[in-house]
Structure formats: structure tokens, C-alpha cells
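Peer 1: One structure is given below, represented as C-alpha cells, and several questions about it will come after.
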Amino acid sequence: MNQATPRQLLDALQWRYATQVFDADRKIPADAWAVLAQALVLTPTSYGLQPYRFLIVQDAVVRAALLAHSYGNKQIADCSHFVVFLARTELGEADVDRLVRRVSQVRGVPVAALERFRNSMLRDLVHGPRAKIAHEWATRQAYIALGNLMTAAAVIGVDACPMEGLVPDEYDKILKLEGSGYKTVVALALGYRAANDKYAGLAKVRYDTGDLVKVI
């Protein structure tokens, strides 16, 4: 397997920034988008439960409606692909059983052999204390996917801007999420920076590594 070198990864992370102005005429090629979609699918999650969905909003009318509830963030209208991250509102036995069946199918093991795994999930997320914070837990999983997608995009030269500046309840209405078991938690605009985005050339401001990364 060909892997990016450490230097290539750092260069990609230095190159990326929260893109403020996208080139509305430049779109992500289909093959590049297919890779980014797989980066979402391959995101690690607790238990492998994947308690989220990703809506790729390409319809201009829907984007305009979302923009009205996004504090004027024009990236929504101008980016190539606009991804809305949804997290489960609660988890039940059906969610656990769905994963168990999928593991059985993919790995070729009997469902009965996964009973301990199933019971662990039920005790923790369905019948245990964390059941009360299932949406909060699922939201944290969705943010792992957000970070994974941003890094993947940077590695292949696609710009991105994460967006918490939105009104989730209004997004839910526009995206018709009522009764779906999912709620909006965050979004990501993807595409290519415009030549006139003044933020592209600014130095990245971070604390020194030693201030943030400690060895004990």
C-alpha cells in the first residue's frame, strides 16, 4: 500500500485552513469525491455502530434555505459539496442488531457467536446510563467523522470549512428530519479556495507543540 510520508501529511495539514471564500465555478471531480465519501464511511466509531448519517446537499434551493439559518456563511452557496452531519437521537436494540447482522455478513461469523458483543452494547448504550445521553454520544462520533473528512480532503488537495454556525432545529425542518431518528449537529463545506480569499495566505496560529502535547 502506498502511504503518504510524514512530511506530506504535515504539509497537507499546514496547507489547509477554514476556507472563507470558495470558487463557485470549480467542482470536486467525481473520483475525488468518491474517495472523500469513503473517508466518511471508513471513520472509526465506538463499537463500530456508526450512529450518524451524512447528507450531501447539492440542490441550490435547499442550500439557499439553509443559508438563511447559517448566520450568513456564504460558503454554503459557493462550495462544491455541502455535507450536513446528522447524529442519532437515541439508540435501541434494533440499532445494535443491525450492526450484529452486518458484522456476521461481512466477517462470515454466525450471529450467535456475537452474543457477548451484542450484550455489551445493550448494557452500555441501550439499557445503561449512557442511554440517557445517546444523542450526545452520537454527536461526538459524528465529530470524529468531521475531522476524518477534513484531513482526507487536505491530503488530496480539497479545501474545507467546518461550520457550527447554523441553527440545527431549522436545518432539521428544511431537511425533513422529523421522525427520522437523526438531528443536525454540524456541517462541512468542501471545494476549492477562491483566488481572492485573503485568509488563504495567513500564517497558521497555534501554540507550541510542547504547550499542547505532554509526555508523562
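Peer 1: Over 17 Å from L188 (Cβ atoms), at pLDDT 95 or above, surrounded by 13 or more Cβ atoms within 10 Å (Cβ to Cβ) and among the polar types (S, T, N, Q): does that describe T43? Before you say what the answer is, go through the steps one by one.
Peer 2: Working: over 17 Å from L188 (Cβ atoms): no; at pLDDT 95 or above: yes; surrounded by 13 or more Cβ atoms within 10 Å (Cβ to Cβ): yes; among the polar types (S, T, N, Q): yes.
So T43 fails the test.
Peer 1: Something else about it: What tally of residues in region 94-108 results from selecting those that are of a type outside the set (A, V, I, L, M) and either under 24 Å from the mean Cα position of the chain (by Cα) or surrounded by 13 or more Cβ atoms within 10 Å (Cβ to Cβ) (or both)? Don't jump to the end; show me each part of the working.
Peer 2: Restricting attention to region 94-108, the residues satisfying the condition of being of a type outside the set (A, V, I, L, M) are 95, 97-98, 101-102, 104-105, 107-108.
Filter once more, so that each one left must be either under 24 Å from the mean Cα position of the chain (by Cα) or surrounded by 13 or more Cβ atoms within 10 Å (Cβ to Cβ) (or both): 95, 97-98, 102, 104.
So the answer is 5.
Peer 1: Please specify each residue of region 32-53 satisfying the condition of being farther than 23 Å from H81 by Cα and part of a loop (DSSP other than H, G, I, E, B).
Peer 2: Step one: filter region 32-53 for residues farther than 23 Å from H81 by Cα, giving 45-49.
T45, L49 - these are the residues of region 32-53 that are farther than 23 Å from H81 by Cα and part of a loop (DSSP other than H, G, I, E, B).
Peer 1: Follow-up. Quick one: would you say E90 is of a type outside the set (A, V, I, L, M) and assigned to a helix (DSSP H, G or I)?
Peer 2: Working: of a type outside the set (A, V, I, L, M): yes; assigned to a helix (DSSP H, G or I): no.
Spelling it out, it is not the case that E90 is of a type outside the set (A, V, I, L, M) and assigned to a helix (DSSP H, G or I).
Peer 1: Under 6 Å by Cβ, and 6 or more places apart or on different chains, what pairs join a residue from region 93-114 that is hydroxyl-bearing (S, T, Y) with one that is in a helix (DSSP H, G or I) and exposed (fewer than 15 other Cβ atoms within 10 Å of the Cβ)?
Peer 2: S104/V111
Peer 1: Restricting attention to region 109-154, and to residues there that are of a type in the set (S, T, Y) and over 12 Å from Y47 (Cα atoms), which single residue is surrounded by the most Cβ atoms within 10 Å (Cβ to Cβ)?
Peer 2: T139
Peer 1: Might you let me know whether region 180-197 holds any residue that is surrounded by 15 or more Cβ atoms within 10 Å (Cβ to Cβ), out of contact with any helix residue (DSSP H, G or I) (no Cβ under 7 Å at 6 or more places or on another chain), within 20 Å of L36 (Cβ to Cβ) and among the hydroxyl-bearing types (S, T, Y)?
Peer 2: yes
Peer 1: List every residue pair whose Cβ atoms lie under 6 Å apart, where the two residues are 6 or more positions apart in sequence or sit on different chains, the first residue falls within region 49-66 and is in contact (Cβ under 8 Å) with a residue 40 or more places away in the chain and basic (K, R), and the second residue, located anywhere, is crowded, with 18+ Cβ neighbours inside 10 Å and not in a loop (DSSP other than H, G, I, E, B).
Peer 2: R53/L86; R53/Y182
Peer 1: Further question: Find the residue count for region 1-31, including only residues that are surrounded by 13 or more Cβ atoms within 10 Å (Cβ to Cβ) and in a loop (DSSP other than H, G, I, E, B).
Peer 2: Residues meeting the conditions: 10.
Peer 1: Condition first: closer than 30 Å to Q14 by Cβ, in a helix (DSSP H, G or I) and either at pLDDT below 95 or among the small types (G, A, S) (or both). Can you find one or more residues in region 109-119 that meet it? Talk me through it step by step, then tell me what you get.
Peer 2: Initial filter on region 109-119 (closer than 30 Å to Q14 by Cβ): none.
Looking through region 109-119, none of the residues is closer than 30 Å to Q14 by Cβ, in a helix (DSSP H, G or I) and either at pLDDT below 95 or among the small types (G, A, S) (or both).
Peer 1: With respect to the numbered conditions (1) crowded, with 17+ Cβ neighbours inside 10 Å; (2) out of contact with any Ser or Thr (no Cβ under 6 Å at 6 or more places or on another chain), which one is the sole condition not fulfilled by V61?
Peer 2: V61 satisfies all of (1) crowded, with 17+ Cβ neighbours inside 10 Å; (2) out of contact with any Ser or Thr (no Cβ under 6 Å at 6 or more places or on another chain) except (1).
The values are calculated or read from the model by the stated rules, or taken from the named source; none is laboratory data. Source: prediction; values computed, not measured. So basically every Cβ, Gly included, is an ideal-geometry build from the backbone, and we count neighbours across all protein chains shown.
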